[in-house]
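Worksheet: the structure to be examined is printed underneath.
Since every read-out is calculated from the coordinates, none of them should be taken as a lab result. Just so it is clear, the model here is predicted, and its values are computed rather than measured. Positions of Cβ are generated from backbone atoms using ideal geometry, with glycine treated the same way; all protein chains shown enter the neighbour counts.
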Ligand SMILES: Nc1ncnc2c1ncn2[C@@H]1O[C@H](COP(=O)(O)OP(=O)(O)OP(=O)(O)O)[C@@H](O)[C@H]1O
């Protein structure tokens, strides 16, 4: 339960591979011929201006939207991610900005929300508590107690609970949509550390953000979308913010797709 794929070799094939992804909403082309890949043990930043198509791509990965065209592969095999539960079965976990947690429930109950363990018809609270502690230990998340109600936690701790919740399903890939938005500097640092832990656990991570400092500090690779198209791919370690901004805004040299 708490041992996601332990893949230490980043030369292995992508866990997620998307080619020619197009998504139309009527006349609106939200995504056009997009390519996107994530390898095990890799954090890929997905950035772009408002309406660039980031959330649409995340929703397609999460099974909440279907692409109009394109090919999706998980571990090299073509798949259709027809629903959020299909994504879950394929080892894809997504944390959207609303976190989808319950304020009045405690940490452990939130981790198992909607998928409580049953033993002879009863909630198996002891086992859920054990797994909750194990997942939080794997992440080294700073949570006061697994019995603390969610409404008593900080924004960063809530994000930690939402990220810990993804590990219950033994994911290969975790998609985080703006996980540091509206967090303090200290809470942001904690969440960035959690993202690095997910990578250390062998997972592929998609990190969507408008914050280029957070992206630059954490990502192995950064993919830029502009007007629904690929508009630049950068190695995280060596990237300059000016180059990211140029790709996001379409400065000269970055005005076309697939630069
Ligand atoms: N359900 C929908 N119906 C119609 N148009 C949509 C729908 N969802 C997204 N769009 C359009 O698709 C485009 C891409 O939107 P998307 O939300 O993916 O961008 P984004 O990069 O996530 O933006 P932001 O950073 O502002 O959240 C926008 O023009 C948006 O208006």
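Applying the criterion of being more than 12 Å from the ligand (Cβ to nearest atom) and crowded, with 16+ Cβ neighbours inside 10 Å to the residues of the range 62-78, the residue that is nearest to the chain's Cα centre (by Cα) is 62.
Residue 90 meets the stated requirement of being more than 22 Å from residue 230 (Cα to Cα) and away from the ligand (no atom under 16 Å from the Cβ).
Can we say residue 34 is buried (at least 22 other Cβ atoms within 10 Å of the Cβ), out of contact with any helix residue (DSSP H, G or I) (no Cβ under 8 Å at 6 or more places or on another chain) and not in a helix (DSSP H, G or I)?
Values: buried (at least 22 other Cβ atoms within 10 Å of the Cβ): yes; out of contact with any helix residue (DSSP H, G or I) (no Cβ under 8 Å at 6 or more places or on another chain): no; not in a helix (DSSP H, G or I): yes.
For residue 34, the condition - buried (at least 22 other Cβ atoms within 10 Å of the Cβ), out of contact with any helix residue (DSSP H, G or I) (no Cβ under 8 Å at 6 or more places or on another chain) and not in a helix (DSSP H, G or I) - is not met.
Select from the range 37-49 the residues that are away from the ligand (no atom under 11 Å from the Cβ), in contact with a helix residue (DSSP H, G or I) (Cβ under 6 Å, 6 or more places away or on another chain) and outside any loop (DSSP other than H, G, I, E, B) and write down the one among them that is nearest to residue 249 (Cα to Cα).
Residues of the range 37-49 that are away from the ligand (no atom under 11 Å from the Cβ), as a first pass: 37-45.
Retained after the next criterion (residues that are in contact with a helix residue (DSSP H, G or I) (Cβ under 6 Å, 6 or more places away or on another chain)): 41, 43, 45.
Cutting the leftovers down to outside any loop (DSSP other than H, G, I, E, B) gives us 43, 45.
Numbers: 43: 23, 45: 17 Å.
Among those that are away from the ligand (no atom under 11 Å from the Cβ), in contact with a helix residue (DSSP H, G or I) (Cβ under 6 Å, 6 or more places away or on another chain) and outside any loop (DSSP other than H, G, I, E, B), it is 45.
Taken together, the residues in the range 63-75 that are part of a loop (DSSP other than H, G, I, E, B) and within 15 Å of residue 36 (Cβ to Cβ) amount to 2.
Would you check if residue 55 is part of a helix (DSSP H, G or I), away from the ligand (no atom under 16 Å from the Cβ) and more than 15 Å from residue 172 (Cβ to Cβ)?
Against the criterion (part of a helix (DSSP H, G or I), away from the ligand (no atom under 16 Å from the Cβ) and more than 15 Å from residue 172 (Cβ to Cβ)), residue 55 does not qualify.
The condition of being touching a residue at least 12 places away in the same chain (Cβ under 8 Å) and within 16 Å of the ligand (Cβ to nearest atom) holds for only one of 195, 222, that being 222.
Within the range 80-112, take every residue that is in a loop (DSSP other than H, G, I, E, B) and more than 19 Å from the chain's Cα centre (by Cα) and give me the one that is surrounded by the fewest Cβ atoms within 10 Å (Cβ to Cβ). Even if it seems obvious, please write down each step before you answer.
Filtering the range 80-112 down to residues in a loop (DSSP other than H, G, I, E, B) leaves 80-83, 90-91, 96-105, 112.
Now restrict to residues that are more than 19 Å from the chain's Cα centre (by Cα): 102-105.
Working: 102: 14, 103: 11, 104: 9, 105: 15.
Ranking the candidates gives 104 first.
For the range 151-173, does any single residue satisfy the condition of being part of a strand (DSSP E or B), under 17 Å from the mean Cα position of the chain (by Cα) and crowded, with 19+ Cβ neighbours inside 10 Å? Explain how you work it out, then say what you get.
Looking only at the range 151-173, we keep the residues that are part of a strand (DSSP E or B), and these are 173.
Filter once more, so that each one left must be under 17 Å from the mean Cα position of the chain (by Cα): 173.
Going one step further and asking which of them are crowded, with 19+ Cβ neighbours inside 10 Å, we end up with 173.
Checked the range 151-173: at least one residue is part of a strand (DSSP E or B), under 17 Å from the mean Cα position of the chain (by Cα) and crowded, with 19+ Cβ neighbours inside 10 Å.
In the range 21-31, how many residues are outside any loop (DSSP other than H, G, I, E, B) and within 7 Å of the ligand (Cβ to nearest atom)? Lay out the reasoning, then the answer.
Taking the range 21-31 first, the residues outside any loop (DSSP other than H, G, I, E, B) are 21-25, 28-31.
Still in the list and also within 7 Å of the ligand (Cβ to nearest atom): 25, 28, 30.
Summing the residues that are outside any loop (DSSP other than H, G, I, E, B) and within 7 Å of the ligand (Cβ to nearest atom) in the range 21-31 gives 3.
Set side by side, the residues 142, 152, 187, 241 differ, and just one is away from the ligand (no atom under 16 Å from the Cβ) and within 16 Å of residue 97 (Cα to Cα), which is 187.
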